[in-house]
Amino acid sequence: MPKTLPKPNPARELVFGELWEFDPAPETADPKLKKRYDLFINGSFVAPKKGKYFPTINPAHETKIADIALADAADVNSACIAAQKAFVSVWGKMPGKERGKYLYRIARLLQDRAREFAIAETLDGGKPIKESRDFDVPMAAAHFFYHAGWADKLEHLAPGRQVAPHGVVGQVIPWNFPLLMLAWKIAPALAAGNCVVLKPAETTSITALKFGEICQEAGLPNGVVNIVSGAAETGAAVMQHPLTTKVAFTGSTEVGKSIMRSLAGTDKKMSMELGGKAANIVFDDAPLDQAVEGIVNGIFFNQGHVCCAGSRLLVQESIADTVLAKLKRRIAVLRVGDPMDKNTDLGAINSREQLTKITDLVQSGVEDGAEKYDTGCKLPAKGFFFRPTIFTNVSMSHRIAREEIFGPVLSILTFRTPEEAVEKANNTPYGLSAGVWTDKGSRILKMSTQLKAGVVWANTYNKFDPTSPFGGFKESGFGREGGKQGLLDYLRVV
Amino acid sequence: MPPRLHITKTPKCYVGGAFIRSESGRVTALHDASGAFFANIPQCTRKDLRNAVEAAAKAGPGWAKRSAFNRGQILYRLAEMMEARAVELTEAVALSGASKAEAARAVAASIERVVHYAGWTDKYEQILGSVNPVASAHFNFTVTEPMGIIGVIAPDDSPLLALISLILPAITSGNCVVALASNTQPYPSILLGEMLATCDLPGGVVNLLTGLRSEMVPTFATHEHLRALSGAVKEADRKTLKLGAAESVKRVHLLKAEEPIDWFADKMQGVEEIRALIEFKTTWHPVGA
């Protein structure tokens, strides 16, 4: 009779469950919010011509924070004219060295008021304070600091050629990293000598309008930066205005395509940073504990409201069970709740609309036959929250494996060979980012070469830096942000 | 003895490394500047364009994998092939009325341009790529990659120099090309195909079609396997191409054919033209023990 071997003991772990609650650790500094935010045009805060405002709410409590000015086409026109005037009379002819000094000032002033901006960001957008405090705001300042130094060195960007600014640049940014996306857009545009008309996202206008105060404090010439808050029509007016000869958009692929269509009859230069459905690929020789940290960071950072989120986990079949078990243990200790609490890992979903979209896609995953798992953690009674969710038994044809969910939802697929991993990873219209986890250097380089994505994170995920170009292949857009490659997108090579 | 009757050539398009007539069987009669019949040029169709894209898709991965050094040698070989048949190319360019001197200048500039790009194959990466000094403990570098298959639409004027100026930056970095030649002066593209066929360039890397721009532009615009469009076209076509490009977020790099373009200018060649048809890929890796 064959002797059955004793089963190995499961990995030991300390499970406290709900034995103790964390004490609340709320951030309490003053975000210095106003009851009403006007448009920032030509160096001043001005009421919208039609006098219309819309409320912005705290998605963690569903309470109103402030009224935000709604810019219409006439307001956008004023902003574009102010930008054009500033470009012709001051900014376009200012020596790069002087422009750079303004950008350095802006970087410094943002650092001075970092905590205030971080809190405002978290209140308005719902992201955990530790992310706005440790990532969004410092990184925004870093972008201004980096690009400040480029302003007098632009001739090095296109060797052998002359470069010149476009003039007025129209920019529309999303709600997932409101201040950081503003910095990614405004810093290179100004360093290159352009003036800017920027529309923040409808649900997250506050830090953009507060940035107007920074421009004033920096003594930035009037009209160099103009912020016009509003909804989709405001953004369309910015994109379509005849004075914006270059436009830059970050947002969904669907909206990006509609902008491209609407500008097809014009000579405008465009850059597009659109959606993604990144594969995060884990090989059997990967350092698994690090990989699990990377998977968690890849999909749950900023509630998954990240265009480059690692939303498709491709795990080698032989280690799939181990990885899944480790992943479940890890997400069990993620703290979902009050974004203002310093211990919170996942804050609020940005809006009810987004929560509905996530809920619908998760429902489609269940209906398509994938297996859903979530931590079952308690959620706050009010506000928009969603539990960290993972799907197993996912096939490539499921909507949750093809569509951008933009929420804390991970779809897990398996593969056997590197070739199959590449095939599955690239089998999407998107191509923004990808992750590779393996101990083998040559495999990393080969995978990186074969993955059709603009950013490849190897044994890491969701890392960003002003010096590092970011942007997509295929339907994830074109143009880069960051680095010398990104800056040149804000210049004409003449 | 009566003078020998010379053998006329049947013009064929160079697609997938072979010489084809249009699947449609249609041709357009080409006349020289004096109005005399010269030859029948294939009038390619949308189906021919799709076939050409298929040929390019087959050739693409192999071409992109060739070493930069090898691509440079092949391009230089193209210059050798053109130089050897420069007289014939000059006659082809002069066919529609350009003076022999103008035609010779265009041919010389075309050959020089090929040599120019032959030298770029193993250098542009060092100009366009970068190692990026990120603030965290990561090694971070940006390299270029070809976009894939590029749709090229040549203008009517400068039938050789413009066509080759549009093709070269694309293939230098490992892209494949499906090109539509000048409508009014297609014959130089027929000759160019014969030189491409003998320069060690793998078949399918460059595919040259002749035909009506009005028929082909909508398919160039919407064909999803074309990842970028490059060319010199008039306003209405630019709009059609950009509208189609929006559907698959295609890259568009178009010059205005209704304005004079100095194809001889130095700025019509070089690393910025290569940059327009590549993607940047940035890779991060932790630095540690």
(message) For a test of the definition: using alpha carbon positions, the gyration tensor, and the 1.5 limit on a/c, classify region A:347-494 as rounded, prolate or oblate.
(response) oblate
(message) Pick from B:I261, B:I149, B:I111 the residue whose mean-square fluctuation is largest in a GNM of chain B, springs joining Cα atoms under 10 Å.
(response) B:I261
(request) Evaluate peptide B:147-155: per residue, the Cβ atoms of other protein chains within 10 Å of its Cβ; return the mean as an integer. (result) 1
(request) Could you check what % of the DSSP bridge pairs in the protein assembly as shown are antiparallel, to the nearest 5? (result) 40 percent
(request) Between B:D122 and A:L33, with labels modelled 7 Å along Cα→Cβ, what's the label distance in nm to one decimal, could you check? (result) 6.2 nm
(request) Using 0.36 nm per residue of separation minus the Cα-Cα distance, give me the extension gain between A:K64 and A:S442 in nm, one decimal. (result) 130.8 nm
(request) Enumerate the calculated ³J(HN,Hα) couplings along region A:65-79 in order (Karplus 6.51 cos²θ - 1.76 cosθ + 1.60, θ = phi - 60°), each rounded to whole Hz, writing x wherever the residue is Gly or Pro. (result) 9, 6, 9, 10, 5, 9, 7, 9, 4, 5, 5, 4, 4, 4, 5
(request) Just name one of A:P159, A:I65, A:L39: the one whose Cα is farthest towards the positive end of the charge dipole of chain A (beta-carbon charges, Lys/Arg +1, Asp/Glu -1). (result) A:P159
(request) For a footprinting-style exposure proxy, rank A:E273, B:E145 by other Cβ within 10 Å, fewest first. (result) B:E145, A:E273
(request) Could you go through region B:161-175 in sequence order and give the Karplus-derived ³J(HN,Hα) for each residue, using 6.51 cos²θ - 1.76 cosθ + 1.60 with θ = phi - 60°, rounded to whole Hz, and x for Gly and Pro? (result) 5, 5, 4, 6, 5, 7, 6, 4, x, 5, 7, 4, 8, x, 6
(request) Calculate I(q)/I(0) for region A:412-494 by the Debye formula, one identical point scatterer on each C-alpha and no solvent, and give its log10 at q = 0.13, 0.18, 0.23, 0.25 Å⁻¹ to two decimals. (result) -0.47, -0.81, -1.15, -1.27
(request) Take the alpha-carbon positions of region B:190-289, form their convex hull, and give its projected area averaged over all directions (one quarter of the hull surface) in nm². (result) 10.6 nm²
(request) Nearest 5 is fine: what % of DSSP beta bridges in chain B come out antiparallel, could you say? (result) 50 percent
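Using every Cα-Cα pair within chain A, state what percent have a distance larger than 40 Å.
So the pairs more than 40 Å apart make up 22 percent of the total in chain A.
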(message) Can you say what percent of the DSSP beta bridges in region A:279-458, counting only those with both residues inside, are antiparallel? Round to 5.
(response) 15 percent
(message) Using the Karplus curve 6.51 cos²θ - 1.76 cosθ + 1.60 with θ = phi - 60°, what ³J(HN,Hα) values do you get for each residue of region A:144-157, in whole Hz, with x for Gly and Pro?
(response) 5, 4, 4, 6, 3, x, 7, 4, 9, 10, 5, 5, 7, 7
(request) Show the residues, 5+ positions off or on another chain, whose built amide H is closer than 5 Å to the amide H of A:R335. (result) A:D345, A:L346
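Just so you know, all these numbers are worked out from the coordinates, no wet-lab data involved. For clarity, every value in this text was computed on a predicted model and none was experimentally measured. A quick note on method: Cβ atoms are made from the backbone with ideal geometry, for glycine too, and the neighbour counts reach across all protein chains shown.
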